[in-house]
Amino acid sequence: MSSKSVQQLDRVVIRFAGDSGDGMQLTGDRFTSETAALGNDLSTLPNFPAEIRAPQGTLPGVSSFQLHFADHDVLTPGDAPDVLVAMNPAALKANLRDLPRGATIIANTDEFTKRNLAKVGYTTNPLEDGSLESWHLHPVALTSITVEALAGFDSLSRKDKERAKNMFALGLLSWMYHRPTAGTEAFLNKKFGSRPDILAANLAALKAGLNYGETTEDFAVSYEIAPAPMAAGTYRNITGNAALAFGLVSASHRAGIPLVLGSYPITPASDILHTLAGLKRYGVTTLQAEDEIAGIGAALGASFGGAIGVTTTSGPGVALKSETIGLGVSLELPLIIVDVQRGGPSTGLPTKTEQSDLLQAMFGRNGESPVPIIAPQSPADCFVAAIEAVRIATTYRTPVFLLSDGYLANGSEPWSIPSVSDLPDLTVTFATEPNDTDAKGEPVFHPFKRDDTTLARPWAVPGTPGLEHRIGGIEKANITGNISYDPDNHDLMTRLRAAKVDRIADTIGDLEVDDPSGEASVLVLGWGSTYGPIAAAARSVRNTGAKVARAHLRHLNPFPANTGEVLRRYDRVLVPEMNMGQLAMLLRAKYLVDVHSFTQVRGLPFTTVELADAIVALAVPADETATSEVRA
């Protein structure tokens, strides 16, 4: 039994940081999985460079993984780490500014060589020059201790042994926070089962890290964080991309039709393609196309054939797909366009998050081409949002944009696995027989004879006897579907397609407002991944006694029917966005309400502190005449 003291904590934020090749994402992911298994609530923020292998030991090459876990509900990955594991000088320098005084630093002293220090501009060693006196510094020779622990592995080179230092660090952190290692050991067995020497070395390094924490005098205290109270159920840790893929498959199952994904790999959406490619046994067909245009063309063709056509991409890919999205609007067929947003324009910041594709999804096509838009609010919520996207697409026979982003895609949180029977029934009814009569009273199929409630046209699978009809991008006559250049018909069809999207508002419910006192004068309205930071900031402000209301939009086109009434209910409305104010622009244009836009485009999510400061500034403005444009 350990003779060291154990302290109870209610929450911890840990950031693992190192070179891209140091295995920090794997280390963080394994620590997260073990933490989830213990029942803590958690939220993660992987942050890595776009380059597969940036120059070693440089600031642009730093990769980090931040985990916030607690004995209560967690809304964000945490504003600032309590513990920083720095595998080299670059990792220390890149992250030190985020580390509050008094936090803990575990630094790999082996990498603090004169050459590595010079690469990032250190003229003296910060581990020795006293500049880190304000932090709890633990200098640990992670690399050399790992190599020494693997001295008996003669078949491995020194470089191979050094690669296991991330497992040593994981073992040490697992000891510090009483995390189990059984899941990691099973993971390593699966990953390196065909390389017994590599497997044994990683397991030995993991155990060496645990033993080091137990025996060294440098770490006198370990910590325990009790499980968080959660509703009964079966949980797993899940990323946004995985949840979105599972949601699409579940929706396909509930609709009773196959799912076909046509996609071209692009960061940060590629994991959806990878996940769905492994689910063929559930009626999923995946096609990795030669480019973005071919990907969406295959998806739209699958929809014409009676499947749920899906294409996944990011902003640059949406630009290439825009013509086919317009074709989908004209054909009035279901189609799901998943846009996992990243920093732009052009290639921009491929691995960083942003919400800057909202206006592109709203207007990025020729002609009057309205498309419904929905957005998930958390990694686990991507599952629900995917099902909702399929419901709208199949019910209203329309392309639907699903706007995720890099923060949701790569972040993770506990997910209560739902029962399939509790998911909505999305059964699709195809047209199987004529739906009208011609001038002679003979039965005839009219492909644009619409449902009175939804204005959706019938979905007839090609090859159905008697239901032959034309499709294509040229305007069709209402009801008959014949090619039409009639001006009045084009005006009618344009208005019908817009009205069809507007009618979706009848089925999405009102915008719900969280206003505990009912006396708030400030409303914070968000969309997408700003949910967690806004909720945490509102909680922080309320803890000071201030009154603030908040609401979050899942549906961005159409908006919930009561959105205008909600906006006019409050004296001031704050809209935080990771763009230059795109939702704010839409709200001002549609409802003539002068919302206050709070924006940033740094490739990172908002912190709780900066949002709380913005809320307080708006609740008690220092200058009533100040501009309504506030920026972080």
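The values are calculated or read from the model by the stated rules, or taken from the named source; none is laboratory data. Please read all numbers here as calculations on a predicted model, not as lab measurements. Every residue, glycine as well, gets a Cβ built from its backbone with ideal geometry; the counts of neighbours run over all protein chains shown. Keep in mind that these areas ignore ligands, DNA and RNA; they rest on the heavy atoms of the full protein, side chains included. Shrake-Rupley method; radii C 1.70, N 1.55, O 1.52, S 1.80 Å.
Couple of notes before you dig in:
- Listed by first and then second residue, the pairs with beta-carbon distance under 8 Å, at least 6 apart or on different chains, first residue in region 191-210 and more than 26 Å from Tyr177 (Cβ to Cβ), second open to solvent by less than 30 Å² (accessible area, probe 1.4 Å), are Gly193/Leu199; Asp197/Leu156; Ile198/Leu156.
- Qualifying residues in region 178-203 (those that are among the basic types (Lys, Arg) and within 30 Å of the chain's Cα centre (by Cα)) - the one surrounded by the most Cβ atoms within 10 Å (Cβ to Cβ): Arg179
- Within the set Val384, Val371, the sole residue that is in contact with a Phe, Trp or Tyr (Cβ under 9 Å, 6 or more places away or on another chain) and either under 27 Å from Ile417 (Cα atoms) or among the aliphatic types (A, V, I, L, M) (or both) turns out to be Val371.
- Hey, Thr58 among the β-branched types (Val, Ile, Thr) and open to solvent by less than 10 Å² (accessible area, probe 1.4 Å) or not: no
- Only one entry in Leu333, Leu244, Leu276 is more than 21 Å from the chain's Cα centre (by Cα), crowded, with 19+ Cβ neighbours inside 10 Å and either at pLDDT 95 or above or among the β-branched types (Val, Ile, Thr) (or both), namely Leu333.
- Selection status of Ser250, over 21 Å from Arg15 (Cα atoms) and open to solvent by 70 Å² or more (accessible area, probe 1.4 Å): no
- Annotation: of all residues in region 348-377 being farther than 18 Å from Leu583 by Cβ and under 20 Å from the mean Cα position of the chain (by Cα), the one that is most open to solvent (accessible area, probe 1.4 Å) is Leu349.
- The set of residues in region 498-522 being part of a helix (DSSP H, G or I) and either open to solvent by 40 Å² or more (accessible area, probe 1.4 Å) or not basic (Lys, Arg) (or both) consists of Ala498, Ala499, Val501, Asp502, Arg503, Ile504, Ala505, Asp506, Thr507.
- Selection from region 564-596 of residues that are over 13 Å from Leu358 (Cβ atoms), of a type outside the set (Asp, Glu) and in contact with a helix residue (DSSP H, G or I) (Cβ under 7 Å, 6 or more places away or on another chain): Gly564, Leu567, Arg572, Val573, Leu574, Pro576, Tyr591, Val593, Val595, His596
- Of all residues in region 1-46 being open to solvent by 40 Å² or more (accessible area, probe 1.4 Å) and hydrophobic (A, V, I, L, M, F, W, C), the one that is nearest to Thr104 (Cα to Cα): Leu9
- Criterion: at pLDDT 95 or above, among the aliphatic types (A, V, I, L, M) and surrounded by fewer than 17 Cβ atoms within 10 Å (Cβ to Cβ) - qualifying residue of Leu492, Leu525: Leu492
- The sole residue among Phe69, Phe48 that is modelled with pLDDT under 95 and aromatic (Phe, Trp, Tyr) is Phe48.
- In this structure, Thr464 does not qualify as under 30 Å from Val593 (Cβ atoms), more than 24 Å from the chain's Cα centre (by Cα) and assigned to a loop (DSSP other than H, G, I, E, B).
- Subset of region 473-496 [within 24 Å of Thr437 (Cα to Cα), in a helix (DSSP H, G or I) and of a type outside the set (S, T, N, Q)]: Asp488, His490, Leu492, Met493, Leu496
- All conditions in (1) part of a helix (DSSP H, G or I); (2) at pLDDT below 95 hold for Arg470, with the sole exception of (1).
- When the test is whether a residue is open to solvent by less than 70 Å² (accessible area, probe 1.4 Å) and more than 21 Å from Leu327 (Cα to Cα), Gly466 passes it.
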